[in-house]
Number of protein chains: 2
Amino acid sequence: MDENPIRFGIIGCAQIARKVSRAIGLSHNSTVYAVASRSFEKAKKFALDNKLPDSVKIYGSYDEVLEDPNVDAVYMPLPTSLHVRWAILAATKKKHLLLEKPTALNTSELDQILEASRLNGVQFMDGTMWLHHPRTPKIKELLEDTKLFGKLKSIHSTCTFYNETPAFLENNIRVKPELDALGVLGDVGWYCIGAILWATNNQLPNTVTALPGPIRNESGVLMACGGSLTWLAGKEENDQEEKVATFYCSFLSNVCLDLSIHGTNGTIRLKDHIIPCKESSASFEFTSGAHFTELHLGWTVEPKKIEVVSEVPQETAMVQEFARLVGNINHGSCPDDKWSENSTNIQIVIDAINKSLDLGCKNVDM
Amino acid sequence: MDENPIRFGIIGCAQIARKVSRAIGLSHNSTVYAVASRSFEKAKKFALDNKLPDSVKIYGSYDEVLEDPNVDAVYMPLPTSLHVRWAILAATKKKHLLLEKPTALNTSELDQILEASRLNGVQFMDGTMWLHHPRTPKIKELLEDTKLFGKLKSIHSTCTFYNETPAFLENNIRVKPELDALGVLGDVGWYCIGAILWATNNQLPNTVTALPGPIRNESGVLMACGGSLTWLAGKEENDQEEKVATFYCSFLSNVCLDLSIHGTNGTIRLKDHIIPCKESSASFEFTSGAHFTELHLGWTVEPKKIEVVSEVPQETAMVQEFARLVGNINHGSCPDDKWSENSTNIQIVIDAINKSLDLGCKNVDM
């Protein structure tokens, strides 16, 4: 443990907070300092259930965490509709902000959160964990290898899971319009879009289109939907290449976390993109320079599996990176804007998919 | 070798004819009886290059094959624009028809070919090889397992290959508007759409949409494009489920033959769908009943690899099945309509994608 770990206040006791509080505990440069729920009892129960140390402060309101001068940063897994209020308040109280995704109901709300973060000099990061897995930069390295991978041409992401319990589909916050109006698009769709933008070095597409046939629950919240993103070729030499991406996200289909990225000379394929099958390591498949053999009877090169070992779980890596940035700020650095740019672009594409859906799946030019 | 093998006439000496003539030779119930090109010399060279037996007749025109009473069936790998003329003529001459894909430039032309086949009682089959690989029925068996796989929800297919030689992109028949006006959509797009329809038991979608950003060569022929297919839920109990499929096909990207099929309880994933990496066996990945572990730290079940051994190459299996059907007809059976229905539905979807492209990627209701 570092000498001055970043002291986290956890605001909200959602299921995901269990995983992240464990990660904060596992991280060498952070510690869980306080937990708040809307009632003291719920916060207490969360602390007990998750075996948090007795020293952790238990608060029966979010305000108390924000008023505590010993809290350096907050982790906020509240329902999305509450983000704009509480995240801005946290920033105003100079608390660094690890905000669960989707970061806001729309870009305008996120802009307000980011503006408050900027004005108050606090670090912003959304809770996307897979970006912090060591597999991710390893893949990026290959994507940027113009010889092995070539130029990026197409991407597909499918992120789905299925929870048979009617309780999930009827009562989970992710499917309630007043809590998480973005539904599956904000939940696992966030990862699909995030992966696509990550692969394109955060380049916004020229056109965003929702696929026909979205599925909504009785309250109108999206349960399954898909979309496409298109980048047109630039007119100048060295401008962007034309690229196409498609994604599909669903609460109504078996666990599937596929990501495949196709270049002129290589293919990268992950089957457990957001949550690796196991914590200790994660793999992907890479094919480079494959051709068909004589008479097209087979392939000259078969896809090969590349395994990447994790020293810590990906959510611990996320917390460590966030705490490292906060530590840097405590020593005079500026916040790192990379993370707010990432989140903003995802939120912009989510807005465009929703606009396309509203227009009957027409193309939305960006 | 069977006692009375089906005697094939090969009409056209395209590259693919080398693979199929080998398959006809390997098949226990067929034999290469004649080869025709537009010139005797080209046909002769093809026979020599491919080590066809000396007994094989060499013809310098397609008509001669069709007039030869000893030819039972023709394999026709001509440029697509020539199919309607020569396939109808072949049927009229009572030759059974193994027609290379895309079967025609549009549904109307294919209908004429199929009508001629029906009127003359000849068997029709297009040259899609993967349908005849033993992996294919094995996957179908799992797809139909309502417990292991559940209900089909989404499909994605990427079929691309890249031929660096400028000769391909400029001169190959697949990119010339007067020869193969469908370009990549008729070539590898045929497989994407075929796989999607196969997985849905040949159910036509309600809506077909082209993805924005298709790439065309200077002659206007498609070099890369994508699309989505949507099946809406039926109004009655037991009607079709809503489903979504996307595909991407390209002549401008690395060899990639991905097919993934997602159900409520299972996922099936192939990475060498159309042409298996090797001839002797082919694999796919199957995940069934996977959930996230406690705290979503991993998966309860990892995808497993299933290997299926091939007794003969898939194109040999195709020829054997075609020859078997022809043999049945010779013994009094009717032609099997399944194959013409398959081809028709693919051709209908190709027409719809082209219509959507013409309309600026608007949704086309079927």
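What follows is calculated from the coordinates using simple rules that are stated; it is not laboratory data. Small disclaimer: the values here were computed from a predicted structure and weren't measured. As a convention, Cβ positions derive from the backbone with ideal geometry for all residues, glycine included, and neighbour counts pool all protein chains shown.
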Checklist line | Which listed pairs, of A:K305/B:K304; A:K101/B:K153; A:K176/A:K338; A:K243/A:K278; A:K304/B:K304, have C-alpha distances above 20 Å, in listed order | finding: A:K101/B:K153; A:K176/A:K338; A:K243/A:K278
Next item on the list: Before rounding to the nearest 500, sum -39500 (n - 2.57) across all DSSP H runs of length at least 4 in chain B and divide by the residue total; then give [θ] at 222 nm in deg cm²/dmol.
Entry: -10000 deg cm²/dmol
Note to self: Under a crude label model (7 Å from the Cα following the beta-carbon direction), how far is A:E67 from A:C334 in nanometres?
What the structure shows: 3.5
Item checked: Label spacing, shortest first and in nm, from A:P137 to its equivalents in the remaining copies (7 angstrom along Cα→Cβ) -> 5.2
Check: Where does the Debye-calculated log10 I(q)/I(0) of the stretch B:6-128 sit at q = 0.14, 0.15, 0.18 Å⁻¹, using only Cα point scatterers of equal weight, no solvent?
Finding: -0.51, -0.59, -0.85
Check: When the dipole is taken about the Cα centre of the protein assembly as shown, and only Lys, Arg (+1) and Asp, Glu (-1) are charged at their Cβ, what size is it in debye, to the nearest 20?
Finding: 540
Checklist line | 10 Å Cβ neighbours from other chains, averaged over peptide A:269-275 | finding: 4
Next item on the list: Would you mind calculating the gained length between A:D145 and A:E341 on full extension (0.36 nm times residue separation, minus the Cα-Cα distance), in nm to one decimal?
Entry: 68.1 nm
Checklist line | Cut-off 17 Å, label 7 Å out along Cα→Cβ of A:R118, residues of the stretch A:302-335 by amide N | finding: A:334-335
Notebook entry, point to check: Sorted from shortest, what are the nm distances separating the label point of A:M1 from equivalent points in the other copies, each placed 7 Å from Cα along Cα to C-beta?
Noted result: 8.3
Checklist line | Neighbour-count ranking [beta-carbon atoms within 10 angstrom, fewest first] of A:S288, A:S39, B:S30 | finding: A:S39, A:S288, B:S30
Checklist line | Among B:A245, B:L131, B:L295 the positive-end extreme of the charge dipole of the protein assembly as shown (Cβ point charges) | finding: B:L295
Checklist line | chain B: Cα Rg divided by the 2.2 N^0.38 Å rule of thumb | finding: 1.02
Checklist line | Inter-chain shielding of B:353-364 (mean C-beta neighbours from other protein chains, 10 Å cut-off) | finding: 2
Next item on the list: Using Cα pairs closer than 8 Å and at least 6 residues apart in sequence, work out the relative contact order for chain B, in percent.
Entry: 19
Checklist line | Cα lying deepest toward the dipole's positive end in the protein assembly as shown, options B:Y162, A:G227, A:Q314, charges on Cβ | finding: A:Q314
Next item on the list: Would you compute the Debye intensity of the protein assembly as shown from its alpha-carbon atoms alone, equal scatterers and no solvent, and pass along log10 I(q)/I(0) at q = 0.07 Å⁻¹ to two decimals?
Entry: -0.53
Next item on the list: Please give, to one decimal in nm, the separation of the simple spin-label points placed at A:K51 and A:N201, each 7 Å out from Cα toward the Cβ.
Entry: 4.5
Checklist line | Exam field: A:P53 pseudo-label spacings to other copies (7 Å along Cα-Cβ), nanometres | finding: 8.5
Notebook entry, point to check: Across the residues of A:221-232, average count of Cβ atoms on other protein chains within 10 Å?
Noted result: 3
Check: How large is the dipole of chain A about the Cα centre if only Lys and Arg carry +1 and Asp and Glu carry -1, each at its Cβ, rounded to the nearest 20 debye?
Finding: 520
